[in-house]
Amino acid sequence: MSMREDVQNTVNRVDQGRLWRRLMEMARIGAIPGGGVNRAAFSREDIAARALLVAWARARNFSVAMDAIGNLFIRRAGSDPRAAPVMTGSHMDSQPRGGRFDGIYGVLAGLEALQAIDEAGVKTRRPIELVAWTNEEGGRFQPCTMGSAVYTGARRLEDFLDVKDNEGVGLRDALAQTLAATPDVARRPIKAPAAAYIEAHIEQGPLLESAGKTIGVVTGIQGLRWFNIEVFGKTDHAGTTPLALRQDALRDAVNIIHALHELTRDAADTVRFTVGRMLVTPNSPNSVASHVLFSADVRHPDPVTIDRLGKAVEPAARKSARQCTIKVTPTLHDDPCVFHPTVVDSIERVANELKLGSMRLSSGASHDAMYMARICPTGMIFVPCEKGVSHNEAENAKSADLAAGARVLTAALLELANKEE
Ligand SMILES: [Zn+2]
């Protein structure tokens, strides 16, 4: 099957060099040693990245708007003023030691698609809207995927305003600063209808590279549960206090973590369990810890299994605290999501028409697409990344693969934007 000529002409306008140059220009904002980036949500770097994206969008006369949680929307108008937009996007924030492609690729691939469609002079019935979601990573303020959670009504903005980062800065203030830093951008309401959503992203895993495929047709995202687990002990002198008399919060934290590893042990290696964040008070080598807060992240693609594991976390933690009291706070509860066949098939068909090798796969990582799938037909396009490395400064991807993903995105967006009801 071959592609319609006007679609092919539009796809041909996707400019591999321009996409790469923009990625590298963004990578300078928050650049860290080792070739990575640190662009935390609501940081100075996040604000600078937003400003650069807005400048690029305005240079093409796309309209720009922002909502109350700072999600940034860039729109190319359609011919039917009442039609809900077809959306694409991802995020511009990064992990503390993140790479140059996670998130920002989907935003810039979306901009490339908008620009290619605009340069080709193609009219679409629906508007096409690019969104840069706020705080997808959750590295600074937890939980992750905040912007899309609020946009889709899964969570309320007020639920997040009192969240604090490791330095005690409140999200309320950080958000206000970010909004104030982009004063010339029109404000829009938090919720708006969407006709469909496609997110392009690096795979963050090794499957495409090892199969020699360029395009991952993503079928869904595994479910996850997040918890903050707090252990309350008592600080004492490390040299004088007998062990039997201590309430050592760090020792119990270790007991709990060990028990959770036992709970999530899986011969098939499908369960994912991670403790990636820990705050110890007073965090001094010769003081017994009085308080420990750590995160627990559990994931599985099967709804029954993730539910069983999620429910078992608190009892397992309670049973293994020997000297201290604990508090378990669930911070994220997402069931596995299955993407819409219309969008999945469209991505697969377009990849075939462009003669790009593709395979279907499910996503181990969470993405904003998970929330969008609750309100509109949704899908994702993955492109390979080197050795599957991500959330790491060494994250890398090939310019040609990134452009191929942007071409698939462009064609799929065009198809969805002209589809009749
Ligand atoms: Zn990402």
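If you look at just the Cα atoms of segment 251-399, how large are its Rg and its Dmax in Å?
According to the Cα coordinates of segment 251-399, Rg and Dmax are 20.0, 65 Å.
Which parts of segment 147-167 would a label at GLN177 reach, counting a residue when its backbone N lies under 19 Å from a point 7 Å out along Cα-to-Cβ?
147, 160-167
Let me know the Kirkwood hydrodynamic radius for segment 113-178, please, with Cα pairs as the basis and the value in Å to one decimal.
Every distinct Cα pair counted, the radius reaches 14.0 Å.
Within segment 399-421, name every residue whose backbone N is under 19 Å away from a label modeled 7 Å from Cα of ASN12 along the Cβ vector.
Within reach of a label on ASN12, which here means backbone N under 19 Å from a point 7 Å along Cα→Cβ, segment 399-421 contributes 403-412, 414-415.
Given the C-alpha centroids of segment 188-239 and segment 35-78, what is the distance between them in whole angstrom?
21
To one decimal place, what Kirkwood hydrodynamic radius in Å is obtained for segment 85-153 from all pairs of distinct Cα atoms?
13.1
Of the candidates CYS324, CYS385, CYS376, which one comes out as most mobile in a Gaussian network treatment of the chain with C-alpha springs shorter than 10 Å?
Comparing CYS324, CYS385, CYS376 in the GNM, the peak value goes to CYS324.
Which pairs, out of LYS123/LYS398; LYS123/LYS191; LYS191/LYS311; LYS355/LYS398, put more than 29 Å between their alpha-carbon atoms?
Over 29 Å Cα-Cα: LYS123/LYS398; LYS191/LYS311.
Send over the per residue convex hull volume for segment 266-330, Cα only, as a whole number of Å³.
119
If the convex hull of the alpha-carbon atoms of segment 197-262 is projected onto planes in all directions, what is the mean projected area in square nanometres?
It is 8.8 nm².
How large is the convex hull of the Cα atoms of segment 240-294 per residue, expressed in Å³ as a whole number?
Residue-normalised Cα hull volume stands at 90 Å³.
How long are the three semi-axes of the equivalent ellipsoid of segment 1-98, in whole Å, if each is the root of 5 times an eigenvalue of the C-alpha gyration tensor, listed from largest down?
29, 20, 12
So what J values fall out for segment 41-49 if you push phi through Karplus, 6.51 cos²θ - 1.76 cosθ + 1.60 with θ = phi - 60°, rounded to Hz, Gly and Pro as x?
4, 6, 7, 4, 5, 4, 4, 5, 5
Provide the gained length on full extension for the span VAL254 to SER79, in nm with one decimal, where the gain is 0.36 nm per separating residue minus the Cα-Cα distance.
Taking VAL254 through SER79 to full extension adds about 57.0 nm, to one decimal.
What percent does the relative contact order of the chain come to when contacts are Cα pairs within less than 8 Å and at least six residues apart?
24
Taking 0.36 nm per intervening residue step and subtracting the Cα-Cα distance, what contour gain separates THR325 from ARG156 on full extension?
Extra length available between THR325 and ARG156 comes to 57.8 nm.
Could you list which residues have their amide H under 5 Å from that of GLY89, counting only those 5 or more apart in sequence or on another chain, with H placed in the peptide plane?
For GLY89, whose amide H was placed from the backbone, the distant partners under 5 Å are VAL131, ILE198, ALA200.
May I ask for the net charge around ALA373, where only other residues with Cβ less than 13 Å from the Cβ of ALA373 are counted and Lys, Arg are +1 while Asp, Glu are -1?
-3
If we count every other residue with Cβ under 11 angstrom of MET87's Cβ, Lys/Arg +1 and Asp/Glu -1, where does the sum land?
Here the charged neighbours net out to -1.
Using 10 Å bins from zero, what percent of all Cα-Cα pairs in segment 34-74 falls into each bin?
Computed distribution, short to long bins: 26, 48, 23, 3.
Sort all Cα-Cα distances of the chain into consecutive 20 angstrom bins from zero, then give the percent of pairs in each bin up to the one containing the longest distance.
Percent of Cα pairs in each bin: 26, 55, 17, 2, 0.
Keeping every protein chain present and rolling a 1.4 Å probe, give me the accessible area per residue for segment 128-228 in Å².
For segment 128-228, the per-residue accessible area is 36 Å².
Could you look at the chain and say what percent of its accessible area is carbon and sulfur, using a 1.4 Å probe and all protein chains?
51
Between LYS311 and ALA186, what length comes free when the chain is fully extended (0.36 nm per residue of separation minus the Cα-Cα distance, one decimal in nm)?
Between LYS311 and ALA186, full extension yields 40.7 nm more.
Could you work out the relative contact order of segment 1-98? I mean the mean sequence separation of Cα pairs under 8 Å and 6+ apart, divided by the number of residues, in percent.
After rounding, I find 29 percent.
Using protein chains only and a probe of 1.4 angstrom, how many square angstrom of MET278 are accessible, to the nearest 10?
Counting only protein heavy atoms, the figure is 80 Å².
Two-decimal Rg/Rh of segment 102-255 from alpha-carbon positions, Kirkwood Rh?
The Rg/Rh ratio comes out at 1.11.
Size of segment 55-123 along its principal axes in angstrom, Cα-based, largest extent first?
43, 29, 20
With an 8 Å Cα cut-off and a minimum separation of 6 or more residues, compute the relative contact order for segment 249-297 in percent.
Dividing the mean separation by the residue count of segment 249-297 yields 42 percent.
With a 1.4 Å probe and all protein chains kept in place, how much accessible area does ASP184 have, in Å² rounded to the nearest 10?
Here the residue's solvent-accessible area equals roughly 100 Å².
Please list, by residue number, everything in segment 205-247 whose backbone N is under 15 Å from a paramagnetic label point 7 Å out along Cα→Cβ of SER284.
234-241
With the convex hull built on the Cα atoms of segment 161-250, state its orientation-averaged projected area in nm².
The number I arrive at for segment 161-250 is 13.3 nm².
Where the Cα atoms of segment 325-402 are projected onto their three principal axes, how long is each span, largest first, in whole Å?
Each principal axis gives a Cα extent; for segment 325-402 these are 59, 34, 15 Å.
The values are calculated or read from the model by the stated rules, or taken from the named source; none is laboratory data. Owing to the predicted nature of the structure, the values given are computational and were not obtained by experimental measurement. Glycine also receives a Cβ, built like all others from the backbone with ideal geometry; neighbour counts cover every protein chain displayed. What goes into the accessible areas is simple: the full protein's heavy atoms, side chains included, and nothing from ligands, DNA or RNA. Shrake-Rupley method; radii C 1.70, N 1.55, O 1.52, S 1.80 Å.
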